[in-house]
Amino acid sequence: MTTPDPPQAGSGAVASFPEAPVVPIRPWKGVQSRFGDRIFRKLAETSAVLIAVVVIAIGGFLLLRAIPALKRNQENFFTYRGSWVTTNTSAMHFGILDLLQVTVLISVFALIVAMPVALGVAIFLTQYAPRRLAGPLAYTVDLLAAVPSIIYGVWGLYVLAPQLRPVATWLNQSLGWFFLFADGTASAGGGGTIFTGGIVLAVMILPLITAVTREVFVQTPHEQIEAALALGATRWEVVTTTVLPFGRSGYVSGAMLGLGRALGETVALLIILRGTQQAFGWSLFDGGSTFATKIAATAWEFNDRFKAGAYIAAGLVLFVLTFVIDAVARGALAGIRKGRRAR
């Protein structure tokens, strides 16, 4: 095969080269892509609107069912702390002050106990544990979330409470001058108190906080870790200077999710907590009822719309409380991210 000679200068001939193949334009591919984007956008918008509508509908239902009972309430709903009396539906006496205080104290106490443990477990699994050990340990911690609440309640009352009795007694005798460890409305022996219920609740929310924190810590850029090690940092210095600053927002998010879980826990605390009609004194050795346990324990009264409305009003407060916690968590996360960007 011979190659044609190039044209000579001044001959007026023009060199001819083979034409490149023409690629057909398929405009329908772009149209299909844009159509898929529009469909996905509409589905996402519809899902967001649907969730908002469901939340508003739940709040509206609770409010409408609570108003008739609130109108017949003879006490201040937010400040009354006496006995919950709804037998006479024409003149009822109920309030949520004690319920709110017990719910907040036991949930915050559980969070204070669970957060350091969850942080330590997450750091160990992501930074110290060998890979062969990290996987099974993480799976074991996650399994705690699969244990039914009723099992936690029975275990807490009949197994954990007797083991906590010496600790509870020592705290009461040694630190009884502090209001949290003073004599309460329930026995200081560990069973039936906020002290026992809070520790059981901490075990229940531990896997949730640990899982979220662990997943965030794993996302720490390896370049930053390797740079810190190259500069001579120890493993603990790497954790404090790189991993913790990067995963702080995830740790706070996991803690707030755990707090939301604790606020609504019902069955375990219903078994453990010892109900009492005495005023709540902010002691860990108090008994009492949370919003959820109070509603669950008196479900037999729901055959009357006014009696049920009194408990639905308490549920509405719990419903709003969870939104307040979520708003506070989002504000804290926004502040953390803003501070990170400022640095």
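Listed by first and then second residue, the pairs with beta-carbon distance under 6 Å, at least 6 apart or on different chains, first residue in the range 250-275 and within 16 Å of A145 (Cβ to Cβ), second polar (S, T, N, Q) and open to solvent by 40 Å² or more (accessible area, probe 1.4 Å), are G260/T322.
Residue-by-condition table, conditions (1) under 30 Å from G156 (Cα atoms); (2) at pLDDT below 85:
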residue: A228; (1), (2): no, no
residue: E237; (1), (2): no, no
residue: A255; (1), (2): yes, no
residue: L263; (1), (2): yes, no
residue: G281; (1), (2): yes, yes
residue: Y311; (1), (2): yes, no
residue: L333; (1), (2): no, yes
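If only residues of the range 80-107 that are in contact (Cβ under 8 Å) with a residue 40 or more places away in the chain and among the β-branched types (V, I, T) are counted, the one that is farthest from G247 (Cα to Cα) is T89.
Evaluated against (1) within 30 Å of G247 (Cα to Cα); (2) open to solvent by 50 Å² or more (accessible area, probe 1.4 Å); (3) of a type outside the set (F, W, Y); (4) under 22 Å from the mean Cα position of the chain (by Cα), I150 falls short on exactly one condition, (1).
Among residues belonging to the range 239-282 that are of a type in the set (G, A, S) and not in a helix (DSSP H, G or I), point out the one that is nearest to D326 (Cα to Cα).
First, the residues of the range 239-282 that are of a type in the set (G, A, S): 247, 249-250, 253-255, 258, 260, 262, 264, 268, 275, 279, 281.
Now drop any that are not not in a helix (DSSP H, G or I), which leaves 264, 275, 279, 281.
On the way: G264: 14, G275: 29, A279: 29, G281: 27 Å.
This residue is G264.
Any residue in the range 207-216 that is out of contact with any Ser or Thr (no Cβ under 6 Å at 6 or more places or on another chain), of a type in the set (S, T, N, Q) and open to solvent by 30 Å² or more (accessible area, probe 1.4 Å)? No, the range 207-216 contains no residue that is out of contact with any Ser or Thr (no Cβ under 6 Å at 6 or more places or on another chain), of a type in the set (S, T, N, Q) and open to solvent by 30 Å² or more (accessible area, probe 1.4 Å).
Is it the case that T87 is open to solvent by 40 Å² or more (accessible area, probe 1.4 Å) and either under 21 Å from the mean Cα position of the chain (by Cα) or not aliphatic (A, V, I, L, M) (or both)? Criteria met by T87.
Going through (1) modelled with pLDDT under 90; (2) among the β-branched types (V, I, T); (3) assigned to a helix (DSSP H, G or I) one by one, T185 falls short only on (3). The C-beta contact set for the range 232-249 (first residue within 12 Å of T213 (Cβ to Cβ), second residue of a type in the set (S, T, Y), distance under 6 angstrom, 6+ apart or interchain) comprises V243/T220; F246/T220.
Here E75 meets each of (1) free of Cβ contacts under 8 Å to residues at least 60 places away in the same chain; (2) not in a loop (DSSP other than H, G, I, E, B) with one exception, condition (2).
Pairs linking a residue in the range 43-66 that is farther than 23 Å from K307 by Cα to a residue that is modelled with pLDDT under 90 and surrounded by 10 or more Cβ atoms within 10 Å (Cβ to Cβ), with Cβ atoms under 9 Å and 6 or more positions apart or on different chains, are V55/F323. As a summary of the residue check, S289 satisfies the conditions (1) polar (S, T, N, Q); (2) open to solvent by 10 Å² or more (accessible area, probe 1.4 Å); (3) part of a helix (DSSP H, G or I) except for the one numbered (3).
Being under 20 Å from A145 (Cβ atoms) and not β-branched (V, I, T) narrows it down to one of A279, A211, A228, so name that one. Just one listed residue meets the conditions, A211. Residues in the range 97-147 that are of a type in the set (V, I, T), within 23 Å of T196 (Cβ to Cβ) and open to solvent by less than 70 Å² (accessible area, probe 1.4 Å): V102, T103, V104, I106, V108, V113, V121, V141, V147.
Only one entry of T196, T169 meets the criterion of being assigned to a helix (DSSP H, G or I), among the hydroxyl-bearing types (S, T, Y) and open to solvent by less than 40 Å² (accessible area, probe 1.4 Å), and that entry is T196.
The values are calculated or read from the model by the stated rules, or taken from the named source; none is laboratory data. Because the structure is a prediction, the values reported are computed rather than measured. Cβ: placed from backbone, ideal geometry, glycine included. Neighbour counts: every protein chain shown. Quick note on the areas: whole protein, heavy atoms, side chains included, nothing else; ligands and nucleic acids left out. Shrake-Rupley method; radii C 1.70, N 1.55, O 1.52, S 1.80 Å.
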